[in-house]
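Right, one structure below, let's go through it.
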Amino acid sequence: MTVAIAAAVGLGVLAGPITPSVSVPARLVFTQIPRDSDGDSIVLPTGSRIVIYDPSHESGSLTVLTPAFASAGRSDMSFDGRRILFVGKKGADDPPSVWEIGVDGTGLRQVTTGPGHCIAAVYLSTIYTMTSVKPEFQVAVCVRQEPGDAPAVYTCRLDGTALRRITFAPNGAFDPAVLSDGRLLFSDGASSLFTVNTDGTDVFIFAESETVPAMPFESGNREVVFVENRSASRGGGGRLIGVSSMRSLHTRRVIKDVADGAIASPAALGNDRLIVSYRSNDASTFGIYWLDRKSGVAMTPIFDSPDWHEVFARPIGPRSVPAGRSSSVKDDRSTGVLYCLDAYLTGTTRTDERIARVRVMGSPVRTDGGGVPRGDTLLGEIAVESDGSFAMQVPARTPMRLITLNTRGDVLREMRSWLWVMPNENRGCIGCHEDRELTPPNRFVRALRIPPRPLARDRGSTESQR
Amino acid sequence: MKRAWFLVSLQAALIPPADRSLAQERRIPLFVGRNVCLECHDASEHSAGVCTLEEIPEHHRSYRSLARTEASHIAALCGVAKSPQESRVCLGCHATAGEVGPRWTAPTFDIAHGVQCEACHDAGGMHAEASCAWPAVPREEILGGIVPGDRATCKECHGEKPSHTAVLKELYRMPLTEALYKTPVNLACSPDGTRVYVVCQHSNSLVVVDPAKGRVLHEIGVGRQPQDVAVSPDGKTLYVTNRLSDTLSVIDTASGAVTDSVGVGNEPHGVLTDATGEHVFVLNTERNDVSVIETERFSELKRLAAGRGPWSLALSEDGASLYLSSVRPNSIAFLRPSVSEVSVIDTRSRTVRNRILLRDANMLQGIASVPGSGVVLVTLMRTKHLVPISRLAQGWTITNGLGVILPDGRADQVLLDEPNNAFPDPDDIAVSPNGRVALVTSGGANQVAVVDIEALLDTLHEATAAERQEVLPNHLGMSARFVVKRIDVGTNPRGVVFSPQGRFAYVANALDDSISVIDTEGYSEVRRISLGGPDRVTAIREGERVFHSADITFGRQFSCRSCHPDGHINGLTFDIEADGIGMHPVDNRTLRGIYDTAPFKWEGTNPSLSHQCGPRLAVFFTRLAPYTPRQLNALVQYLSVIPRPPNRHRQERGLTIAQRRGKLIFERRATSNGKPILRARRCTTCHSRGYKTARTSASVGTTMWLDAPVDIDVGDLHEVGEFGYFGMVYYHDTGGANKAFDAPHLVSIYGSPPYLHNGSAPTLEEIWTRCNLYDEHGVTSDLTRRQFNDLIEYLKAL
C-alpha cells in the first residue's frame, strides 16, 4: 500500500508580470489548471500543476512544484507550514494518488497508492486508540473506487499505513476539510455538509445548502466558509456562504454573491480575510483574489493568468493544529450500538401516536473500499419501549435509515438521510429528527436497563421484553 | 505485676464521667504501653511468654521519625493537611493507639515509644487486668482480652507506599514556590469603590487592591484556606470565611487588622451580611447549615438547615431575603435525576422561608439578585449522569447554565453553552447595579460571559410552560439570544464583582494570581492586576491548571474539576462507555489524599494515577488527544497533593466512646454470639490500617444485574427502589456470580456519599441496611441498633 519516494525535484521557475499582487502577506500555493479544461478540478485534468506564488519577488514569481507530474492538484498545507499534500498522477495513465512535497520542492514522496482514485487529501490532527503507542497524525483521503463511483473518505497515517474508511454515505462524501475541533467536514454532494469524527464516529449534519455545497473551509473566528455551486457541477463555483461552527444550522449568511461570475475554493487569509478563486464570467479563467470575510467587499486580485485557472490557493506558513481525537473504535468488531432516548421527540416536541417498533434499513457496503451499491435492504426491527427509547446492536460501517412503525406496522416517519456506526461505537440519539441544538434529557431510559439487543428479522422477537 | 494492676485499675477514673458507665459496661480496654507488657513478657524464666518477633529498633523510632522534614513532604503526598504526628493516617502505622487517641491510653502509655506490642495485639488493658487476677480468672479470659497477632498484621503497614518511595528514595520535595502562590478565589468592593478585597486561598490572606492605580496596597493574614469575603454596609468591617479553620475572620478596614476570629460551623464558605449589617450569615458547606451571627458581640445566634453544600449567598434588593446556592445535589435515589436546592432565608426572622428545588441541576455556585426585577440568578451545571457518556457533541454529557428564580419562587433554567462551544464550570455571577447585565465566570474556559438580562427574561416569557420545562433547560441555541459576548480573562476565573457604580467589574483569576479589570462600556478586559504571586510555574501549579481547564475536552464541555470540585466529588454516578452503555453505573470517587491508595477505578485495574489519567481518560471521557507527557506528569503531581480537610467527626482527644465501641465492632473476629467470622467477612481484611484499605479487590455481594446482566424478568422493576434493594435480590436469586471491586480507602468517608461501587447506597447506613442482605459485606445482621450506630460513628471518625 505504501510507497515512499524521496526524490529531489527539478523545479521550473517562471517569472514575469502576469497580474500584479496586492498586499499579500504570505506566499501562496495553488493549483493551475489549463484554460482549455472545464475548470472542474476534481477530475485532475492533464497538465494541471501545483505552483508556489511569491509576492515578495518583484512582479511576483511562480515556482512549479510538480513539473514531473502529468497532473497535480488540490493541495493542502501542513500544520508546520513546511510540506504540501496533494493529489497527483505522474503518468497520464496512472491512477491519482496522494503525494507530499516540501514547500522548497524537496522530499517528494508518495503517501498512498490506493485504495482507488484519490480526488482530494487533507492533513488531519492526531488520533489515539487504546492500541496506539502514541497519538499519530493522519491524513484524510477522498477516494473513488472507480470513476463515477460515489467517493468515500479514508484516513491513514502520514506514511500511508493504517488505512481506514470513515465515511459510508451512499451518495458519497466530497471535499473533506478539517475543523479546528478536530472533526472532518464533508459535503454529501447534494444539499448538506456533515461532520464526522476522524475515527468515523458520530456523523452529524452540519449545515444545509440551497444547492450543492462544496469546498468548505474553516476560517477565522470559527466561521466555516463554503461554496454554493451555481450549477450541478461541483467544481464550477458559485456564491460564498458562511456559517458559524458553533451554530452552523442557524447562522447561514451570504458572504459574496456575484451575478455572472463564480467563486470557488475559499481559504483563510489571516483572521479577517478570505482568499478565493474567482472568475467574472464563464469565458474567463479563475484567478486568485482576496476579500474581507466579514463584509464580503473588496474582491481584490492577487494573481490571475489568462491561460490558467488558479484554484485551491492556500497561504504558505504554519497554522494551528486542530484538536486530536481519542477513539474507542475497535476495528476487530463487526457491530456497534445505536440507541435513542425518545423516539417520540421530533423537533422540540413529542408526538402522540404510539410508536411500536423501529425498522432499520441498510445499504451494505463493500468492506474492501469499494463503492456503495444502491438499494435498501431490511436489517431488522427493534421494539420501542414505552418511554420511547430503544437500543440495538447494528452492523458497523453500514449506512442505515430508520423507520418508525405503529402497532399495526404502518410507517409513521421515515428518515431521509443516512447514518452509520463504527465498530464498538455507542451512538446515541436524542429523538427522531430532533432539534439539533437540543441536548439529551437526563433520564435513565428503559432501553438501557438491559444490554442492547441484536436486530431481529421477525416481528415476534422484537416485542418489548417489559 | 502490681504496678500494672494498679494502673489498669485507674481505667474507670480516666474515662470522662459521662462516658464512664458505658465504658465499664462494654469493658473497653485502654492502651497501657510496652512497659506494662514487659512486666510479664520479659526474657526471664518466669515470663508469661515473649513475643516471637525480634526487637526492631525502627519500631521504637517510628513515631519520632514523623518529626523529620521528610515526613512533612510525605504527608503532603498523603493529603495530610496537619502535622504528621497529629495525623491519624500517619499514626496508624507510625505509632500505637494513634487512631483511638489519648483518651484511650493509660498513664503508663507513651506514644513516643512508637510501634509497641499493642500495635499488633490491640489495647491490653483488660488483658493486663485479668492477668493480675490470675489464677482467680480463667486462662481463657486472660487470653480473650488480647488480639493474637500474626504476620498478616505486619503487611498492613509494610506494603509499598508511593509517597514514601517518592520522598525517601526518589528524593521528592514539595517545591517551596508552592507556598507562595496566592490563588484568588473571591472578591468584594468597598462601598466607595476605591478598594477591592481579594480572598487568596493559597496564601491564607486577604489582598487589598487599589483598582484605580492597579496595585496591591497590603495583604492581611487570615485563617486557613479563606473562601469568601463580605463587606459590612458601612464599609468599616470585612468578614472572611476560613474553610479549614472553621472560623470567620473579622477585619477592621481602617487599620487592616484582624479584630476577631469567630468560630462557626464546618468548612465555612459563603458569607454575607443583612442590609443593616447587624447580622452576618455564614454558610457551613460541610455541615449543610448556616451560622447566623450577630455583629455586636459576634455570637452565633442559631444554625439554619440549608441544602447540601451551601456555597454562596445573595441578598434581595429589598433586603428581606437571602438566597443560598448549594454546590451538591440533595441526596438522590439510585439512578434518579439530581435535584439541587436554593434556600431562601427571611432576614428579619432569620428563618428559612422557602426551599426552591432545581431538577437535573448540580453545582449551584454563584448567585446574585437582579435589581428592579425580584429575580435571582444562580450558576449551575446540568450533568447528564443518567445518560451514557458515549459522545460529547450536542451537549451530551455536561451542560452549563443559569437558574432563574422568579419572584414567585418558580425556577427556570437556561444554558450558557452554545453548540460546539461550551461554557464550562460557571463559577460565579455578578449583576450590574442597574440590573441590566450579568457577568458569569467560566473557570474551565477562562472566559466571562456577558448576559443581557432583559433578553434572558424575554426568552423565558416568550416560551410556553412546556418549553420552559423541557426545551429551554436543554437547548444550546438559546444562549445566542442573551449571551452577548464572551470576554477572555486570566487563568481559571472564579469570583466576579461589579464596582458600586457599575463602571468596572473585577474578576479573580485563581491560577495566575491576578484580577482582571473589565470596562463595562465595551465589556472588555482593560487591565490585569498582579497580586504578587511567583512568576515561576511549578509542575504542581501547572497540573492544577490542567485540572481546571476544559481545553482537554471536545467542545470544551468540562474539566476534571467539573466532576471533582475541590478535588472531591459531585455526588453523582456515571455510566461510562468502557463497560457497556446503560449498565455498570459507577460512583464518582474523591481525589483527596489518594496518592497511596492505588489501584484506582472500582475494578482496581489502574495501578497508578498516571494510568488513571492517561489515554483511557481521553478515549472514554474527553475524546480529544490524551494529555502530553508533560501535562500528565503535572496533573499527577497536582493530584498527589490535593489535601483532605480535617475530619470534623474526630475529637482532639480521640474517639468518643461510641466511636471506640464502633471500632471494636469494626475489628471483631466473632459475632455477638461468639461464632467466628470468616476472615473474608471481617472489616479489617479489606479495610486495614492507615487508609483503611488493603488495596485489594473483594466481592462483597453488591453486584447487581446492572453490573453483570443475567437473564431475569425485570418487568416489575420500574418503580421506586427498583435498582437498589430489589436489584440485588434479583441478582442473587438468579445465582449470578459476584464481581470483585476495589476496596476503597475510608479516610473521611463520611463526606463522600453516595457509597458502593455504583452509588446505590445514599448513606453510610444503607450500605448495610439495604445492600448487605447476605452478610457478604461484613457480618452485620447480628448487630443491635446501638452497635450498628456505633459502627457508623466510628466510620465517620476515620
Rank the residues A:SER48, B:SER299, A:SER327 as a footprinting-exposure proxy: fewest other Cβ atoms within 10 Å of their Cβ go first. B:SER299, A:SER327, A:SER48
Please state the relative contact order of chain B as a whole percent: Cα pairs under 8 Å, 6+ residues apart? 10
Which whole-Hz ³J(HN,Hα) couplings does segment A:128-141 yield from phi under the Karplus relation 6.51 cos²θ - 1.76 cosθ + 1.60, θ = phi - 60°, glycine and proline marked x? 9, 10, 5, 9, 6, 7, 7, x, 10, 6, 10, 10, 10, 10
Using +1 on the beta carbon of Lys and Arg, -1 on that of Asp and Glu, and nothing else charged, what's the dipole of the protein assembly as shown about the Cα centre, debye to 20? 1640
Which far-off residues, 5 or more places away or on another chain, put their amide H under 5 Å from the one on A:THR251, with H placed in the peptide plane? A:SER244
Work from the charge dipole of the protein assembly as shown (Cβ charges, +1 for Lys and Arg, -1 for Asp and Glu, about the Cα centre) and give the residue of A:VAL212, A:GLY296, A:VAL143 farthest towards its positive end. A:VAL143
Give the percent of DSSP beta bridges with both residues in the protein assembly as shown that are antiparallel, rounded to the nearest 5. 95
Exposure proxy order (Cβ contacts within 10 Å, fewest to most) of A:ASP272, A:ASP199, B:ASP535: B:ASP535, A:ASP272, A:ASP199
Sort B:LEU283, B:LEU439, B:LEU301 so that the residue with the fewest other Cβ atoms within 10 Å of its own Cβ comes first and the one with the most comes last. B:LEU301, B:LEU439, B:LEU283
Considering the options B:ALA449, B:TRP396, B:LEU639, tell which one lies farthest towards the positive end of the dipole of chain B, charges being +1 on Lys and Arg and -1 on Asp and Glu at the Cβ, about the Cα centre. B:LEU639
So what's the back-of-envelope 222 nm ellipticity for the protein assembly as shown, counting only DSSP H runs of four-plus at -39500 (n - 2.57) apiece and dividing by all residues, rounded to 500? -3500 deg cm²/dmol
By the gyration tensor of its Cα atoms, with a ≥ b ≥ c the square roots of the eigenvalues, what is the shape of the protein assembly as shown: rounded for a/c under 1.5, prolate for a/b over b/c, or oblate? prolate
Express the relative contact order of segment B:229-312 as a whole percentage, based on alpha carbon pairs under 8 Å and six or more residues apart in sequence. 21
What list of ³J(HN,Hα) values in whole Hz, one per residue of segment A:337-351 in order, does the Karplus curve 6.51 cos²θ - 1.76 cosθ + 1.60 (θ = phi - 60°) give from phi, with Gly and Pro shown as x? 10, 10, 10, 10, 7, 7, 5, 6, 7, 10, x, 10, 10, 9, 7
Relative contact order [Cα under 8 Å, 6+ residues apart], segment B:430-544, whole percent: 21
Given Cβ point charges of +1 (Lys, Arg) and -1 (Asp, Glu) and nothing else, what value in debye, to the nearest 20, does the dipole of chain A about its Cα centre take? 1120
Toward the positive end of the charge dipole of the protein assembly as shown, about the Cα centre and with charges on Cβ (Lys, Arg +1; Asp, Glu -1), which of A:ILE166, A:PHE312, B:PHE334 goes farthest? B:PHE334
For segment B:140-249, which GluC sites (Glu not before Pro) are both in a DSSP coil and crowded by at most 12 other Cβ atoms within 10 Å? B:GLU160, B:GLU170
Let a ≥ b ≥ c be the square roots of the eigenvalues of the Cα gyration tensor of segment A:100-167; is it rounded (a/c under 1.5), or, if not, prolate (a/b larger than b/c) or oblate? oblate
Roughly how big is segment A:330-462's charge dipole about its Cα centre, with Cβ charges of +1 (Lys, Arg) and -1 (Asp, Glu), in debye to the nearest 20? 240
From the Cα gyration tensor of chain B, with a ≥ b ≥ c the square roots of its eigenvalues, which class applies: rounded if a/c is under 1.5, or else prolate if a/b is larger than b/c, or else oblate? prolate
Under 10 Å from the Cβ of A:SER219, count the other residues' Cβ atoms, weight Lys and Arg +1, Asp and Glu -1, and hand me the total. 0
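Values quoted throughout were computed directly from the atomic coordinates according to the rules given, and no laboratory measurement underlies them. Source: prediction; values computed, not measured. Virtual Cβ from ideal backbone geometry, glycine too; neighbours counted across all protein chains shown.
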